[in-house]
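Structure, as structure tokens:
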Amino acid sequence: MEIKTEKKSITDIKADVMIVNLFEGVKKPGGVTGAADKKYKNIISEYVIKKEKFDGKYGDIYELPLPEEGKKILIAGLGKQEEFTYVKIRDLTAKIVRQCIKTGSVKKIVSVLHGAGIAGLDPKLCARMIAEGAISGTYSFNKYKSNKKENCIKEFIISEIDDKKYKEAKQGAELGVITGEAVNRARDLINESSQYLYPETLAKYAVENSGVKTTVYNKAQIKKMGMNAFLAVGQGSIHEPKLIHMEYKPEKKAKRKIAIIGKGITFDAGGLDLKPPSSMLTMRDDMSGAAAVICTMQAIAKLKPDVEVHAIVAACENMPSGSAYKPGDVIISKTGRSIEIDNTDAEGRVTLADALAYAEELNPDEIIDIATLTGACMVALGTVCSGIMGNNDKKIKEFINKAAEEGEKFWQLPMYEEYGDTLKSDIADTKNTGGRMGGASSAGVFLSKFIKQTAWLHLDIAGTAFLESANAEGIKGATGVGVRSLIKYITE
Ligand code: BES
Ligand code: MG
Ligand code: ZN
């Protein structure tokens, strides 16, 4: 599907579907919807609004066929004007596109630039959200279905006649395509079967698709770097672990240097502390953090910010076997800190311990890790909201605010030192886990021990990375959470 911006009136663009909108309670539409109403003999005000009582509630979509014109008008409810947001534009567009794909026949859609009229929102951002929503709405993971419904939509046009708004919308739409594609590619990686997606193939994907310089280290090289904690987690698998390091350097002098780390457990069976079947079922999603950082790099390569960005993934599989690491094992991590394995299923933090140490050696100004780390975070926050922790409150707040503008919710969880009390070990510097209570926070405290002084944020996406039922954007399965927030946090 191609996304375009056209400087033409919406009623002059030939398309199968024309999208206009209505704020809640408006009886006589103005702007573009008003113009369409006039052109089609008040059919919107007299019929749709008055007779059919369509009142523009957010997310409601009224389908008005115009058989003589060979097209359909879709009137999208924007809800109350004072409650309108950019994210609503995106989610609504995704919903409309999904609805059009279901028809199997819509080839071309033209949409008004929602929000840029009476609501007075920034045209560039409105267009970005429309483009991103349209791309997101086309998403489905159907490669293994023999009877799949292909996307029938070939073109999605954003119409705007005002010269200035048109120019801004054009730029915005291009940005929306970049972000939307990055999110969809992350979803693809996460939804992929772990049969085919393991450290080596994940690394190959990064090399071929991250768009930036990518180095992959093998087991012997990882060993040389002293990353024994990372290696211990992967030693039960037939698949060799891979350390993936992607780097983007701007042409101009970088304003700051950021390292992003994604948890990359391509399958988490729990190891010898095997998970029960119901918990194991979706554990191919345990590389959602890795997918987020790889696909963020795809966008960074195109957006070219004045920021040096390093993305790191310690990719391995957590399996039970004769060679697997065992409860009670003591491992010397890269920092020299010894870890007693209390539970082999708390593997993410063990791999991250070494990845954090690796990242800190690059001397970045800040480090962000993103991980499907704890069931406890999911219990605390559900699937609505991700957890955020770290050692820098100002940056945590900044991240939360930027993520919110992208419609991604993060909630700060406490990281009091006392949460680390349960991690005390008799034989090593620390245990990797200490029980179920406050599990997201004790995991955060564990990770903090592997950072010396760098500003660090930890994002726990265990509850938000993979959904069993569809969210507001209509997404089920992998969400690609984190990609939008990371792109925004790095580039703005
Ligand atoms: N990958 C899981 C966490 C997870 C749970 C992600 C549910 C997505 C959905 C992690 O490796 C794990 O198994 N954590 C354990 C830690 C426990 C043994 C202390 C958990 O949360 O149960
Ligand atoms: Mg686990
Ligand atoms: Zn895990």
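Coordinate-derived values only; no laboratory data. No experiment lies behind these values; they were computed from the predicted model shown. Virtual Cβ from ideal backbone geometry, glycine too; neighbours counted across all protein chains shown.
Things to note:
- Shape of segment 428-474, Cα gyration tensor, a/c cut at 1.5: oblate
- Stretch gain in nm, segment residue 105-residue 60, where the contour uses 0.36 nm per residue and the Cα spacing is subtracted: 14.1 nm
- Taking packing as the residue-averaged number of other Cβ atoms within 10 angstrom, the listed peptides 118-124, 140-146 run from highest to lowest as 118-124, 140-146.
- DSSP bridge pairs, the chain: antiparallel proportion in percent, nearest 5: 35
- Which of 343, 382, 362, positive extreme of dipole for segment 339-404 (C-beta unit charges): 382
- In segment 344-473, the DSSP beta bridges split such that about 30 percent are antiparallel, to the nearest 5.
- Only Lys, Arg, Asp and Glu carry charge here, each on its Cβ (+1 for the first two, -1 for the last two); on that basis segment 351-404 has a dipole of about 360 debye about its Cα centre.
- Options 131, 180, 198, ranked by Cα towards positive dipole end of segment 66-202, top entry (Cβ charges): 198
- Of interest is the spacing of the C-alpha centroids, which for segment 434-456 and segment 6-29 amounts to 51 Å.
- With both labels modelled 7 Å from their Cα along Cα-to-Cβ, the residue 143 to residue 2 distance reads 2.6 nm.
- Gap separating the Cα centres of segment 168-232 and segment 389-403, nearest whole Å: 24
- Relative contact order %, the chain, counting alpha carbon pairs below 8 Å whose residues are six or more apart: 14
- Helix-derived mean residue ellipticity, 222 nm - over the chain, DSSP H n ≥ 4, -39500 (n - 2.57), to 500: -10500 deg cm²/dmol
- Here segment 2-164 is assigned +1 on the Cβ of each Lys and Arg and -1 on the Cβ of each Asp and Glu. Its dipole about the Cα centre then comes out at about 480 debye.
- Across segment 431-487, C-alpha contacts under 8 Å between residues 6 or more apart give a mean separation that, scaled by the residue count, equals a relative contact order of 20 percent.
- Per-residue packing, averaged as other Cβ atoms within 10 Å, sorts the ranges 72-78, 347-353, 230-236 into the order 347-353, 230-236, 72-78, beginning with the highest.
- Segment 102-215 shape via C-alpha gyration tensor axes, a/c threshold 1.5: oblate
- Förster radius 51 Å - calculated FRET efficiency between residue 281 and residue 53 (Cβ-Cβ, nearest 0.05): 0.70
- Among 248-256, 483-491, the order from most to least packed when residues are scored by Cβ within 10 Å on average: 483-491, 248-256
- Prolate/oblate/rounded label for segment 188-491 (Cα gyration tensor, a/c 1.5): rounded
- When the chain is described by a simple charge dipole with +1 on each Lys and Arg Cβ and -1 on each Asp and Glu Cβ, the residue from 278, 422, 432 located farthest towards its positive end is 278.
- Computed on segment 232-316, with alpha-carbon pairs under 8 angstrom and 6+ residues apart, the relative contact order is 53 percent.
- Entries of 107/170; 213/252; 38/95 with Cα pairs more than 19 Å apart: 107/170; 38/95
- Between segment 137-153 and segment 38-113, the alpha-carbon centres lie 24 Å apart.
- Approximate spin-label separation residue 437-residue 365, in nm, with each point projected 7 Å along Cα-to-Cβ: 4.1
- Student exercise, segment 188-491 dipole from Lys, Arg, Asp, Glu Cβ charges, in Debye to nearest 20: 820
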